[in-house]
Amino acid sequence: MIKMMLKILLIVGDGMADRPIKELHGKTPLEVASKPNIDELASRSALGLWDPLGPGLRPGSDTAHLALFGYDPRRYYPGRGPFEALGVGAELRPGEVALRGNFATVDDNLIVIDRRAGRSLPENPELVKYLNDNIQHVDGVEVRFYSATEHRVAVVLRGSALSADVSDTDPHEVGVKVLQSKALCDDEKAIKTANVINKLTLLTYKLLKDHPLNLKRIENGLPPANIILFRGAGQMSYIPKLSERGDIILNKYLAISATALVIGVAKSVGFDVITPPGVTGGINTNLSSKAESAIQALKGDYELVYLHVKGTDAASHDGNLEAKIKMIEQIDGMIGKIIDNIDLGSTIVAITADHATPIYVRDHTGDPVPLAIYSPFIICDGIKSFSERSARRGSLGRLRSVDLMHTLLDQANRIRKYGA
Ligand code: ZN
Ligand code: ZN
């Protein structure tokens, strides 16, 4: 008999899980949202809970996604900077240091007036190009800026003997002076890296303060983007791609997302990435085009498709209960469209969240999240709804961290035997 390898579709509502909410009479957004497609699929699935990092540990979207993709975050997490940089198009090799940056507004004494230079900054790509044209090296370290959304940038430092053990120059408040980056340990690499960051900061100010685009912004009453503040240094570590791992059988896999951080994590483990047209990463995103992309990818030669929806997390951080429920209902529509158009006889469909973002907390918590795994060959639990509560009764019990990806790969006959 030929061992049939199944395809896998993994769908995540970012921060979708929640806690009981008073206004909902103790129910959660997942429990009150109308989601016939998800519930129907759940009734044919095995259910359970998943702890992205471990019980009570509060994940970032980045560490949660590493675990989701089958990588122990404690071993592989390089910090947020490298993933953000990868997510906005940087190429990053092991050893290189990446930081996140903000175009900001400072006065002549480098006192921060606006940490985001007004936030709306259509000049961002042009200013980044100008910086790249005029700064190639600082103390022998290659420097490359990457434009991101609004006022955001990423910067990559390429050179030998660098370290991410350095502090931010971003003071994270206004009315105070831009900070000096300092080595956080008594290490020559860290001292050198901090020096480069400090020189680079002054260089951005020198180049940007009289830039014609900034003079024009001042003329129009807008805060000039006259410096870049750095934070979140991280050093890229070696992360083997899923396709390079000897323990699993996976060659082509695709992530569908509009969120730089998630795209960065996906790229770091070898995913092809697409952001379909109309997809924003916010609550006004076009989920129908996401569904279409997933359907096409699964009809093609992709063996694993990861589909990420950010809107549930955005609504949760805003404390917007109504938007969160609506977003879940939109996800349901998206899933309905997908399952009507793929072969459920050869595809596993898993639905979960990367962490809980309870409306009342407005931030990520360490609660376990609900998980449903549909497979044509799984023993289903016959639980007719998908929620934080119903998943507790499921046969998968409580999976932890990398267990989820291993379970999916095992169901798909894509994991190798451990032992003889
Ligand atoms: Zn998240
Ligand atoms: Zn979040």
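Below, the figures for the structure above:
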| read-out | value |
| --- | --- |
| Those residues of segment 63-79 which are crowded, with 24+ Cβ neighbours inside 10 Å and either within 16 Å of ligand 2 (Cβ to nearest atom) or small (Gly, Ala, Ser) (or both), in sequence order | Thr63, Ala64, His65, Leu66, Ala67, Leu68 |
| Qualifying residues in segment 10-32 (those that are touching a Lys or Arg at 6+ places or on another chain (Cβ under 8 Å) and in a loop (DSSP other than H, G, I, E, B)) - the one farthest from ligand 1 (Cβ to nearest atom) | Pro20 |
| Filtered residue count, segment 389-420, keeping only those that are within 16 Å of ligand 1 (Cβ to nearest atom) and farther than 26 Å from Asp343 by Cα | 1 |
| Members of segment 43-61 that are buried (at least 24 other Cβ atoms within 10 Å of the Cβ) and either within 16 Å of ligand 1 (Cβ to nearest atom) or without any contact (Cβ under 8 Å) to a residue 40 or more places away in the chain (or both) | Trp50, Pro52, Pro59, Ser61 |
| Positions within segment 268-318 being surrounded by fewer than 20 Cβ atoms within 10 Å (Cβ to Cβ), outside any helix (DSSP H, G or I) and among the small types (Gly, Ala, Ser), in sequence order | Gly270, Gly278, Gly282, Gly300 |
| Any chance Thr352 is within 16 Å of ligand 2 (Cβ to nearest atom), in the same structural domain as Ser61 (by TED's automatic domain parsing) and among the polar types (S, T, N, Q) | yes |
| Condition check for Thr357: within 13 Å of ligand 1 (Cβ to nearest atom), farther than 26 Å from Gly270 by Cβ, crowded, with 24+ Cβ neighbours inside 10 Å and at pLDDT 95 or above | yes |
| Selected residue (criterion: nearest to the chain's Cα centre (by Cα)) from residues of segment 123-172 that are assigned to a strand (DSSP E or B) and among the β-branched types (Val, Ile, Thr) | Val153 |
| Test: residue in segment 25-42 that is open to solvent by 10 Å² or more (accessible area, probe 1.4 Å) and more than 21 Å from Glu329 (Cα to Cα) | no |
| Residue within segment 204-222 that is in contact with a Ser or Thr (Cβ under 7 Å, 6 or more places away or on another chain) and either aliphatic (A, V, I, L, M) or open to solvent by less than 50 Å² (accessible area, probe 1.4 Å) (or both) present | no |
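The values are calculated or read from the model by the stated rules, or taken from the named source; none is laboratory data. This structure is a prediction, so every number in the text was calculated from the model and none was measured. Here Cβ is always computed from backbone atoms with ideal geometry, including for glycine, and neighbour counts include all displayed protein chains. Just so you know, the surface numbers come from the protein's heavy atoms only, side chains and all, with ligands and any DNA or RNA stripped out. Shrake-Rupley method; radii C 1.70, N 1.55, O 1.52, S 1.80 Å.
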